[in-house]
Every structure is written in C-alpha cells, then in structure tokens.
C-alpha cells in the first residue's frame, strides 16, 4: 500500500500581517498541518507588462496531496492578490511520524488513539 504523499506549497503576500493571517487560517481550516511565514523577501516579477520589485512575505504550507485542490480553491477566495502565487511540490522523503502527524492534523475530526 502506497503511503499518502505530503506536499510543500508556498505563496507570497505584501505584509507580515496578511501572511500570518493566511498561515493561521489555513491551519485552523485543517487544510494544512503547518504553515510557516518568512520574510521580508524581495520579489522581482512582471505584472501587467511592467517589471516590478516588491517586498513580500512567504507562507510555506505542509499538507497531504489529497488537500491540494482544496487549498488552491481556498486561496482563490481568501488570498489578497487577484492572481496569487501558488506552487506546490511533492516531498521525496518524509519521516514516518511527521507524515502521520500531517495526516492527523489535517483531518476535520481527530481520531482518538485507543
């Protein structure tokens, strides 16, 4: 039996407060087991035909692959940007206890250990 895949995804926003809110809300909704904020970082990008530079904060998200589409849909309605960055990659190696914690933490109702 294949082990459930764990992904790491990230997005960026233009303030620490918005990053903290996204991170907390993703975990509270049990879409992510963990969300970490780092920054500020400097982003260089093209937006509406112009080269831009902006200070941003990155939100790292750890979650089971089964939640990927739910997170993307959630971000479309909760992210402050009209076109939010959302990238996710599959992890190659995940410690067994950490995998179990991610899976347990993202269930709507926690299983009680017997």
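Miscellaneous remarks
- Screening residue 9 on (1) without any contact (Cβ under 8 Å) to a residue 24 or more places away in the chain; (2) in contact with a strand residue (DSSP E or B) (Cβ under 8 Å, 6 or more places away or on another chain) shows it passes everything except condition (1).
- Only one entry of 4, 97 meets the criterion of being assigned to a helix (DSSP H, G or I) and surrounded by fewer than 15 Cβ atoms within 10 Å (Cβ to Cβ), and that entry is 97.
- Residue match in the stretch 19-33 (condition: more than 23 Å from residue 73 (Cβ to Cβ), in contact with a strand residue (DSSP E or B) (Cβ under 9 Å, 6 or more places away or on another chain), modelled with pLDDT of 95 or more and in a helix (DSSP H, G or I)): no
- Residue in the stretch 55-68 that is at pLDDT 95 or above and loosely packed, with under 10 Cβ neighbours inside 10 Å present: no
- Conditions (1) at pLDDT 95 or above; (2) closer than 14 Å to residue 11 by Cβ; number of the one not met by residue 82: (1)
The values are calculated or read from the model by the stated rules, or taken from the named source; none is laboratory data. Please read these numbers as outputs of a predicted model, since none were measured by experiment. FYI the Cβ positions are ideal-geometry reconstructions off the backbone, even for glycines, and counts take in every protein chain you see.
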